[in-house]
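Everything on this sheet refers to the single structure shown next.
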């Protein structure tokens, strides 16, 4: 029988402030070039509109999650995350997406990958990218994950059922060290462009933290404002590239944008101050412990990455970092950090033992948007003229 397209079952799930396409591991080829080519075709990359695929033409909506049963005694499912480039034929498999971690249990429970317990089902997740254990707790009724609830998160319309996500031993997700350079602060010298004070903290994902005034910003700018500043965007990427080389993610800073566009993340933090969110709502200084903005894949994140929040929570606990320097006095005496992201406050809870960060917790919502079949032309995988 003639077939010009491969068919794959998948689900589209919103997790936190991101949206991803979820696949059962057993339905895909093993990790490698063939799997990457197949998934790039699913998303419609490379193409800035991703018009011929399921991607949403934004780094927040161009993400893949691969889920399968785990062979580990301390996990129910394995979860592999891929950041799919919109305009390049690249999938970066090195880090995790904390927001889409919220959708892992939604998918796993629907696929009968673990025993369901009511009214709450804990899902033990092994993230293969960072080799870390994550626990997520879902509200369940009649064997189904509940999506309706009264918990709201900035950047997502309406409210949903609250999901608690605990990231255990989050330090050193990619570099193997909480402070990959060994310093709470470093100076990055870009010659005529200037010298810049940074803190590089790897927890959840590695993040480079900047002082906004040093790059010509106030710290309260919204993502769309920064994206209208090409000089600032280039400067941020130049700093990120040097940091990527310094912590060993790439051997040469000149390769960072092409070889590792997603990691490390980068952003800027400032002391609590009033700002307007994208919906025109005033976020007051007294409601947050700092104001923060992050970038990923050379674009500003519209809200805030969960793995970024994990890094920020850890950085706030380390005296001498750019983050610790500017957080509120309340946060310096607390295990809870309230981050003022572009849409509003978000909370991360840090648990320490003997001075070491044991775990960090965040709260999200998630909702399945679609179950279906995606069609991928064989020609996109094997070249023109190929069919089955």
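Computed from the coordinates by the stated procedures, all read-outs in this text should not be read as laboratory data. Given the structure is predicted, the values throughout are model-derived calculations rather than measurements. In this analysis, Cβ positions are derived from the backbone assuming ideal geometry, glycine residues included, and neighbour counts consider all displayed protein chains.
Couple of notes before you dig in:
- Sorted by Cβ density within 10 Å, fewest first, the residues 48, 109, 266: 48, 109, 266
- On Cα atoms only, tilt of 306-316 relative to the major axis of the chain in degrees: 20
- Global form of segment 156-220, assessed from the alpha-carbon gyration tensor, a/c cut-off 1.5: oblate
- Choice from 225, 192, 120 with maximal GNM fluctuation in the chain (Cα, 10 Å cutoff): 192
- Distance in nm between pseudo-label sites at residue 115 and residue 214 (7 Å out along the Cβ direction from Cα): 5.3
- Most mobile listed residue (280, 219, 267) in the chain, GNM with C-alpha springs under 10 Å: 280
- Whole-angstrom gap from segment 149-211 to segment 1-64, using each part's C-alpha centre: 26
- Counted residue by residue at 0.36 nm each, then reduced by the alpha carbon distance between them, the extension gain from residue 147 to residue 329 reaches 61.9 nm.
- Two-site label geometry, residue 356 and residue 287: point separation in nm, points 7 Å out along Cα→Cβ: 3.8
- Rounded to two decimals, the Cα radius of gyration of segment 1-94 over 2.2 N^0.38 Å is 1.10.
- Three-way shape call for segment 108-161 based on the alpha-carbon gyration tensor, with the a/c threshold at 1.5: oblate
- Segment 232-289 and segment 74-117: distance between their alpha carbon centers, rounded to Å: 24
- In the chain, helical runs assigned H by DSSP with n ≥ 4 each contribute -39500 (n - 2.57); averaged across all residues and rounded to the nearest 500, the mean residue ellipticity at 222 nm is -5500 deg cm²/dmol.
- Relative to the 2.2 N^0.38 Å rule of thumb, segment 186-351 has a C-alpha radius of gyration ratio of 0.97.
- Per residue, the convex hull around the alpha carbon atoms of the chain comes to 144 Å³.
- Over the C-alpha trace of segment 250-300, radius of gyration and Dmax come out as 15.3, 44 angstrom.
- Ranking of 318, 165, 51 by count of other Cβ atoms within 10 Å, fewest first: 51, 318, 165
- Note on residue 382 and residue 279: with the Förster distance fixed at 41 Å, the Cβ-Cβ geometry gives a FRET efficiency of about 0.35.
- Helix 98-110 vs. the chain, principal-axis angle (Cα, 0 to 90°, nearest 10): 30
- In degrees, nearest ten, helix 33-43 long axis to first principal axis of the chain (Cα): 80
- Label-point separation, residue 169 to residue 229 (7 Å along Cα→Cβ), nm: 4.0
- Stokes-Einstein translational diffusion, segment 86-193 - Kirkwood Rh over all Cα pairs, 1.567 mPa s, 4 °C, in µm²/s: 77
- Among 346, 305, sorting on how many other beta-carbon atoms sit within 10 Å of each Cβ, with the fewest leading, yields 346, 305.
- Rounded, prolate or oblate (a/c below 1.5 giving rounded, otherwise prolate when a/b exceeds b/c) for segment 213-283 by Cα gyration tensor: prolate
- Contact order normalised by residue count of the chain, Cα under 8 Å, 6+ apart, percent: 20
- Residues considered: 313, 103, 228. Largest GNM mean-square fluctuation over the chain, using C-alpha springs under 10 Å, is found at 228.
- Measuring spread by the Cα atoms of segment 337-381 yields a radius of gyration and Dmax of 19.8, 57 Å.
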